[in-house]
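First comes the structure, then the notes that go with it.
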């Protein structure tokens with residue numbers, strides 16, 4: 001039952017949360033990362049252009065066509081490999097950024113979940129409070145109103161409803177006290 005509530009809470013949180021909450025960001029660090037990405041991207045493009053220029057320069061200066069054609073094919077192969085590596089690197093960067101976003105979202109949800117009180121603990125507190133109130137009322141019946149039989153019934157009710165609580169133990173002690181007092185009083189009547 002509690003697990004269903006938690007699942008429902010998480011689902012509602014996902015539905016209402018929309019995109020990730022704005023996070024305070026160190027703009028200088030963000031700008032440095034953007035510049036690094038831009039420089040890396042530019043470096044790949046420059047390298048690719050350099051490879052092409054080198055390939056074209058080599059092609060124009062070589063004497064043999066077959067040798068030039070082989071080099072062009074080799075350079076084209078290298079360019080394709082570089083492009084494939086670049087694409088793979090960009091995909092990896094996207095995956096890392098997506099994983100980071102998911103991890104931040106998970107951390108936010110875990111922090112939110114941790115801020116909620118434990119439902120079982122809250123229920124236990126309420127049960128303990130209820131048992132205390134019943135014992136308190138039975139104490140009043142016995143001590144203030146001198147209604148011993150009603151007090152015994154109330155104490156038995158606490159024992160019946162909350163057998164494992166500390167208030168059930170208190171109720172057992174009170175019943176024992178009442179019975180001992182009645183027993184002692186009945187002996188006193190005989191004398």
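Read-outs throughout are calculated quantities, based only on the coordinates presented, and are distinct from any laboratory measurement. Keep in mind that this is a model prediction, so the values were computed, not measured.
General observations
- Taking each residue as 0.36 nm, the span from residue 50 to residue 176 lengthens on full extension beyond its C-alpha to C-alpha distance by 35.6 nm.
- Taking the Kirkwood radius as Rh and the Cα radius of gyration as Rg, region 120-190 has a ratio of Rg/Rh equal to 1.08.
- Cα-only Debye scattering, region 24-116: base-10 log of I(q)/I(0) at q = 0.10, 0.11, 0.20 Å⁻¹: -0.49, -0.55, -1.00
- Dividing the convex hull volume of the alpha carbon atoms of region 88-162 by its residue count gives 70 Å³ per residue.
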